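Read through the structure below, which is laid out as structure tokens, and then see the notes.
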Amino acid sequence: LLYYKAGVNDMPQLLPDGFYPLFLVLYIIKELIFPWRKRAPLWKSIWNVVTSPVVLPTFFLTYVADVFTSMVKVFQDISWTLCFVISGDFLVPENSEYTQPRQWQHTVWYKNVVIPLICLFPLWIRLVQCLRKYADTRQRLPHLANAFKYALSQTVTLFGAFHPLYLLSQQNHEDDGQHATTYNGGVNLFQMFWVGAFVTS
């Protein structure tokens, strides 16, 4: 809100607009680390979840991993914020006519690497946790069933991230130097598989 108000000149221009979100990011990082005596259990639990299946997946670690699968959008926002700060775009005024900030969000490494990895990683954690539980208990149900569910979820995520690979029924053509897409109304095998995997997962 402060960033928006500073950008539309509703606040005194004491600082550049981008310094308001920068201060907020620094404050959140400080609160996540200090006091370390209270924050250490949090980071230890996160480390144990991330290092699955090396660490025995207890009920608590399984619960935390489930929470991670629901926080994919939050993780994407965190990655966007980090790129926004690290790239120096917070120093660029929003109403600048001479610069084009946030070009990194349209790059291949961000759209086709970072974002899909963020979507896949929590599902991968749950997958390996289920496989570790099966290896320890030899109980196919529910551990292998859950592992299959998370494997399907990863497939859906991959197809969603790289959708031009499965939209085979779309015909791309160039018209006066602009990219246009036409849809022939059919449903192909890949689309049927994607819908089935999405419903099953």
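For region 65-81, the set of residues classified as out of contact with any helix residue (DSSP H, G or I) (no Cβ under 8 Å at 6 or more places or on another chain) and not β-branched (Val, Ile, Thr) consists of SER70, LYS73, ASP77, listed by residue number.
Criterion first (under 21 Å from VAL72 (Cβ atoms), open to solvent by 30 Å² or more (accessible area, probe 1.4 Å), modelled with pLDDT of 80 or more and in a helix (DSSP H, G or I)) does LYS133 satisfy it?
Working: under 21 Å from VAL72 (Cβ atoms): no; open to solvent by 30 Å² or more (accessible area, probe 1.4 Å): yes; modelled with pLDDT of 80 or more: yes; in a helix (DSSP H, G or I): yes.
So LYS133 fails the test.
Evaluation of TYR20 against the conditions (1) of a type in the set (Phe, Trp, Tyr); (2) modelled with pLDDT under 85; (3) open to solvent by 70 Å² or more (accessible area, probe 1.4 Å) shows that the sole unmet condition is (3).
When region 110-130 is filtered for residues that are among the charged types (D, E, K, R) and open to solvent by less than 20 Å² (accessible area, probe 1.4 Å), only ARG126 remains.
Hey, SER201 hits all of (1) at pLDDT below 90; (2) closer than 24 Å to PRO57 by Cα; (3) loosely packed, with under 12 Cβ neighbours inside 10 Å but one; which does it fall short on? The single condition SER201 does not satisfy is (3).
I'd like to know if region 34-41 contains one or more residues that are assigned to a helix (DSSP H, G or I), within 23 Å of TRP124 (Cβ to Cβ), out of contact with any helix residue (DSSP H, G or I) (no Cβ under 8 Å at 6 or more places or on another chain) and not basic (Lys, Arg). Outline the logic, then answer.
Step one: filter region 34-41 for residues assigned to a helix (DSSP H, G or I), giving 36-41.
Applying the additional criterion that residues be within 23 Å of TRP124 (Cβ to Cβ) yields none.
No, because not a single residue in region 34-41 is assigned to a helix (DSSP H, G or I), within 23 Å of TRP124 (Cβ to Cβ), out of contact with any helix residue (DSSP H, G or I) (no Cβ under 8 Å at 6 or more places or on another chain) and not basic (Lys, Arg).
Exactly one residue out of GLN103, GLN76 is among the polar types (S, T, N, Q), under 24 Å from PHE19 (Cα atoms) and open to solvent by 60 Å² or more (accessible area, probe 1.4 Å): that is GLN103.
Scanning region 51-90 for residues that are touching a residue at least 12 places away in the same chain (Cβ under 8 Å) and within 18 Å of LEU123 (Cα to Cα) yields a count of 17.
Of the residues making up region 74-88, none is in a loop (DSSP other than H, G, I, E, B) and within 29 Å of PHE148 (Cβ to Cβ).
The values are calculated or read from the model by the stated rules, or taken from the named source; none is laboratory data. Everything numeric in this text was worked out from a predicted model, so none of it was measured. Positions of Cβ are generated from backbone atoms using ideal geometry, with glycine treated the same way; all protein chains shown enter the neighbour counts. The accessibility values were calculated without ligands, DNA or RNA, using every heavy atom of the protein model including side chains. Shrake-Rupley method; radii C 1.70, N 1.55, O 1.52, S 1.80 Å.
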